[in-house]
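> Here it is, the structure in full.
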Amino acid sequence: MRKVFVSVLAVISTLVVVPSVLAALSSPSAFGASFKHGNVVTNGWASPQAVDAQRLRIGVPVRQTLTIANDGSLPAKYLLKARIGGDLRLAGQLSVVATRREDGATIFSGPATSLRSLDLGQFAAGQHATLQLRVTLTSTGTDSHDNALQGRAASVAFTWTATQA
């Protein structure tokens, strides 16, 4: 019975989604944006060690780097976004400091839950930027509240978007 329900659900979803997508693609606004000749190609890589919030100690920072590169032939404007997962109380105690390695400028400093979107600026073709991320578990102010954070899990996932400049 479950397989039949899933199959029916898949068919109904296809019948609803496909015509909507085709209608959007045939509308004049779908391809209305003008583009210069060339492309924007983005690559990114992070240090191999992920920050594991379950193993953090209060006051001891963990460092990680993130490099974003415009490997295309056109300039692009970049935004870095963070998505918080897991326990928001624990994530609120994670202090994040993001600095650009090239000039040492701090582009964000605060709790992970406040990290929504960072404007990384415009990257020329072939340009890259490396961010140094420092994450520190901060104290809640009391031992009993700090102890209540044990065993909780939180994650911060970084994504970026590039828009032709």
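The values are calculated or read from the model by the stated rules, or taken from the named source; none is laboratory data. The model shown is predicted, which means the values in this text are computed figures rather than measured ones. Here Cβ is always computed from backbone atoms with ideal geometry, including for glycine, and neighbour counts include all displayed protein chains. The accessibility values were calculated without ligands, DNA or RNA, using every heavy atom of the protein model including side chains. Shrake-Rupley method; radii C 1.70, N 1.55, O 1.52, S 1.80 Å.
> Among the chymotrypsin sites (Phe, Trp or Tyr not before Pro) within region 64-127, which fall in a DSSP loop and have no more than 14 other Cβ atoms within 10 Å of their own Cβ? Mind dumping the intermediate values first?
Details: sites: Tyr78, Phe108, Phe123; in loops: none.
Qualifying residues, ordered by number: none.
> Could you sort Arg134, Arg116 by their accessible area in this structure, using a 1.4 Å probe and putting the largest first? Intermediate values should be presented prior to the final figure.
Values: Arg134 90, Arg116 150 Å².
Ranked list, largest accessible area first: Arg116, Arg134.
> Here is a further query. Could you sort the peptides 135-144, 82-91 by per-residue average Cβ neighbour count (10 Å cutoff), highest mean leading? All intermediate terms of the calculation are to be shown ahead of the outcome.
Values: 135-144: 13.3, 82-91: 16.3.
Order by mean packing, descending: 82-91, 135-144.
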